[in-house]
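Each remark here refers to the structure printed beneath this line.
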Amino acid sequence: MTAKSQHHWGADALDVLRAGPGFVLSDLDPSSTPGHPGSKSRGQDDLASGLAQLDQYQERLFARSRTTDAPDRVLLVLQAMDSAGKGGIVRHVVGAVDPQGVSIASFKKPTPEELAHDFLWRIEKRVPAPGMIGVFDRSHYEDVLVGRVRSLAPADEIERRYGAINDFEARLVDSGTRVIKVMLHISYDEQRDRLMERLERPDKYWKYNPGDVDERALWPQYMDAYQTVFERTSTEVAPWYVVPADRKWYARLAVQTLLLETLERIDPQWPAADFDVEAEQKRLAVT
């Protein structure tokens, strides 16, 4: 079932974007719009109409967790090559809901303290609490992507991490977490154009990192690393979703739809009053 507010989607995003068995990243066109007719105006209409629905679902999820022991929470994992649009997802999709019900973590280069522990140590501390929508802007997958491409860990350690990640995510799901793992799939040429824009606009200089060009030189290795990640960690309980990201409007709409469909399946309801409503109305009326 597609999200109720997404009138132009022709298929369930949780199905059409899933990296299931046999998925090959190189076969997916980064400029395509799976599940959507491809009209920017229609996509923007859907995105706007989905904002109110997403906000209500988030508030109901949060409110229920404050008055009951419901364990439900959502974790959105965002992974991508630089400039693919993770920041836009955070601002234009997740940023549309009440911030008190959202937790955002961005995992950069590990600190010396973090390096002294297992790679999942710092991740487990940022898992969202019940009632929250958590966002990992980069995540534990850095340790099997950058770690592999840059040879930051031995090959046998990288292999161990795939299994550790699957075990970790299975525990999250068992505890009530809906895990939505999204790879924003940008093309090599589109990334160059977006990086060049940052160099042509003074208001975007702050977003440019000279190291991004160094990472572009390793593009084939990163694509191979992502393919291995999908094959090893797209599980039944925590599958990967690959979102074509050359069209920003589509990527934002697709992630919003994944969130909406997930929240619809949770279907959080407003908590019932734990007091006598009529009696309180009478008490208040005489004050």
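The values are calculated or read from the model by the stated rules, or taken from the named source; none is laboratory data. Model, not experiment: these values are computed from the prediction. When we count neighbours, we look across all protein chains shown, and the Cβ atoms used for this are built from the backbone with ideal geometry, even at glycine. Ligands, DNA and RNA are stripped out before the accessible areas are found, and what is left, the full protein with its side chains, is counted by its heavy atoms. Shrake-Rupley method; radii C 1.70, N 1.55, O 1.52, S 1.80 Å.
Add -39500 (n - 2.57) for each DSSP H run of 4 or more in the chain, then divide by its residues: what number comes out at 222 nm, to the nearest 500 deg cm²/dmol?
Value at 222 nm, helices only, nearest 500: -14500 deg cm²/dmol.
Run down the lysines and flag those whose C-alpha is under 27 Å from the C-alpha of Lys40, throwing out any fewer than 8 positions away in its chain.
Answer for Lys40, where 27 Å is the Cα cut-off: Lys4, Lys86, Lys181, Lys204, Lys207, Lys248, listed by chain and number.
Taking a temperature of 25 °C and a viscosity of 0.890 mPa s, what whole-number D in µm²/s does Stokes-Einstein yield for the stretch 162-211 with Rh from Kirkwood over alpha carbon pairs?
Using the Kirkwood radius from Cα pairs, D works out to 173 µm²/s.
Can you pull a Stokes-Einstein diffusion coefficient for the stretch 109-169 at 37 °C (0.692 mPa s), Rh from Kirkwood over Cα pairs, as a whole number of µm²/s?
262
Could you give the angle, 0 to 90 degrees to the nearest 10, between helix 155-174's Cα long axis and the longest principal axis of the Cα atoms of the chain?
Between the helix axis and the principal axis of the chain, the angle is about 10 degrees.
Could you pull the Cα extents of the stretch 51-204 along its three principal axes, largest to smallest, in whole Å?
Between the extreme Cα coordinates on each principal axis of the stretch 51-204 lie 46, 42, 26 Å.
Give me, ordered by chain and number, the residues 5 or more places off Val179 or on other chains with an amide H under 5 Å from its own placed amide H.
For Val179, the qualifying residues are Leu75.
Mind checking the angle between helix 188-200 and the chain's longest principal axis? C-alpha axes, 0 to 90 degrees, to the nearest 10.
80
Mind ranking 138-145, 197-204, 52-59 by how tightly packed they are, going by the mean number of other C-beta atoms within 10 angstrom, highest first?
Ranked by mean Cβ neighbours within 10 Å, highest first: 138-145, 52-59, 197-204.
Considering just Cα atoms, how many Å³ per residue does the convex hull of the stretch 133-231 enclose?
In the stretch 133-231, the Cα convex hull volume per residue is 120 Å³.
If contacts are Cα pairs under 8 angstrom and at least 6 residues apart, what is the relative contact order of the stretch 158-287 in percent?
Relative CO of the stretch 158-287 lands at 35 percent.
Once the mean 1/r over all distinct Cα pairs of the stretch 186-251 is inverted, what Kirkwood radius in angstroms do you read off?
13.9
Please report, in whole Å³, the volume per residue of the convex hull around the C-alpha atoms of the chain.
174
Grab every C-alpha pair in the stretch 1-121, bin the distances at 5 angstrom width from 0 up to the longest one, and report whole percents.
Calculated P(r), rounded to whole percents: 2, 8, 13, 17, 19, 17, 12, 7, 4, 1.
With a 1.4 Å probe and all protein chains left in place, how much of the accessible area of the chain comes from carbon and sulfur atoms, in whole percent?
Carbon and sulfur atoms account for 51 percent of the accessible area of the chain.
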